[in-house]
1. Rounded, prolate or oblate, given the Cα gyration tensor of segment B:46-108, with a/c below 1.5 counting as rounded?
2. Compute the label zone of residue B:117 within segment B:148-173: residues whose backbone N is under 17 Å from the point 7 Å along Cα-to-Cβ.
3. Across the Cα atoms of the protein assembly as shown, what radius of gyration and what greatest pairwise Cα-Cα distance (Dmax) are found, in Å?
4. Would you calculate the separation in nanometres between label points at residue B:333 and residue B:13, each defined as 7 Å from the Cα along the Cα-to-beta-carbon direction?
5. Return the single residue from A:46, A:222, A:182 with maximal mean-square fluctuation; model: Gaussian network over chain A, springs between Cα atoms under 10 Å.
6. Round to the nearest 10 and give me the degree value, 0 to 90, for the angle of helix A:179-196's Cα axis relative to the longest principal axis of chain A.
7. For segment A:7-229, what proportion of DSSP beta bridges, expressed in % and rounded to the nearest 5, is antiparallel?
8. What percent do you get for the relative contact order of chain B when only Cα pairs under 8 Å and 6+ apart count?
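Taken together, the values in this text are just the output of simple stated rules run on the coordinates, not laboratory data. This structure is a prediction, so every number in the text was calculated from the model and none was measured. Glycine gets a Cβ as well: all are built from the backbone with ideal geometry, and neighbour counts include every protein chain shown.
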């Protein structure tokens, strides 16, 4: 029996209004992304990759069409329920790391667990384990401005995975890193994905990252032009 | 985490946060210092008024509204029985500090000593000197001046009293009373005496010869007033001294004399009466119960008497209090607006700078309400820190002022009293100001907090 897809988009259109001009970012895309896979959305700049990730991440709403994530039709949820849904199921890794500057590495990683109202003891245990897993156990008291770019992104990965979400969305996660650091971050995410059986969806045009993909969705001018699958590496 | 985040965020831009906290602190200091001064002013003014007119005065019904025109007609008959009724009442007795009769009267005072023939209308209070001295020692709030016994009046010398400085000047008593800074009257050209004038000049000489100072060498005035029956009556009054009065009209007309002399002038050999019975209570908070009890007593005994409190007798008291209260409200409004705009400005800048962060936390699952709460807590925390700093500084200012030994002359006073800031005595002011400014700071954060909560996540994440 075929596995239920983690993400399902059905004729999704997204139109932005810029003043009087309407910009069509997605032109009726339909696709299914399987669970527990290392998936990539690739395409040139302005093709609609980020818009697609935003819709899948439930931080934007389509102009038309249906977005279903983890079996949930997102349009059926009101604003607070969508927030709750994100807090439970979805994490993000941003190109610019987006760590909270006034919190230490430990507190940044702990933050998503606070949103799920986890008990303090378990929260601490999971946070320390995750920092250990990303190799930052010794930097837990440092604030983001005291960390290197690679360390910041490791904290961001730890923050994304600490709540054990079903889906991690990463928008160009290696774009602000040098190739060596980028490679180590990709390796880290790949390892964590395998350990935690979490689904990753990246938007990228980094060939180094694309080489790790299990599913590749190529979009151009807001349309899906190709979908290819690979089994393992 | 909410409070940790809020605290660290308000320290993020140290200078801006410091300016905001300073604005809140300055608002707190201004309100507390002025409020403390106002509190002391109210207490000292209250003390001053109560020392002069007691808390409650019993009048014959109608006197308060109509009696000024003919005080003698509104005298309280058998007032000693009324005094005993009040003084012996088990409810009132423990409340009363001083219970004393007074007589208000008016007439014409004349100085025909030959030095300066002059006459002037006067208004007078006739009192029992020792009771008056006791009343002037009332200082329940510790905020007034406690007067020593007044040597211008004496229980054993009914002829002795004092007048307003203006009245002394008008009647030409400056030289005989040896008053400093009191100009003598200018020389007045008189016509050359004719036959008729000669007769009057002889009369003047006879009167002058009859006018003698008392044993202490104090000048004498002749006081003329209409008795209860309308007939004129005259008594001699020795002016021991002149005391400046706070209001010009009072200064030019005021006479204070012994009750016995006042009664002789108004009632002659008839039954002596008084126009008022003054009750000075131990505590001002007992005014209500004492007044109710008095009225009940009078109703019970069928006495046609009414009770008025000191605020009714001294409209200036209530007006002054209201005046200062409106100044306080004005200052509070200005400070509130300053704090409001400062916090709105600070929070707006903060939100602009942290737009990306708002987008990130929203993406992580923080609800709109969570974002709103975050900024409200930051506004509240700015208020708490600023108001607390202001509170500490206000206390230091109060201690400094109280130890500096400053003095000032309050309204309706003629002598300086110590200037103090009664901050500790006003817990409601402290709590009200502290909580009020924190509320203003929190409410000021609401507008930008709502704006932050309404941000679209993708727009916020795109913000650079």
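1. Working: a/c = 2.35, a/b = 1.40, b/c = 1.68.
Note, shape of segment B:46-108 comes out oblate.
2. The answer is B:171-173, whose backbone nitrogens lie closer than 17 Å to the label point.
3. Calculated on Cα positions, Rg and Dmax stand at 44.4, 148 Å.
4. Each label point is offset 7 Å from its Cα along the Cβ direction, giving 3.0 nm.
5. Of the options given, A:46 has the highest mean-square fluctuation.
6. Between helix and principal axis, roughly 90 degrees.
7. Working: 23 of 41 bridges.
Of the beta bridges lying entirely in segment A:7-229, close to 55 percent run antiparallel.
8. Values: 774 pairs, mean separation 127.6, N = 464.
Reported as a whole number, the value is 27 percent.
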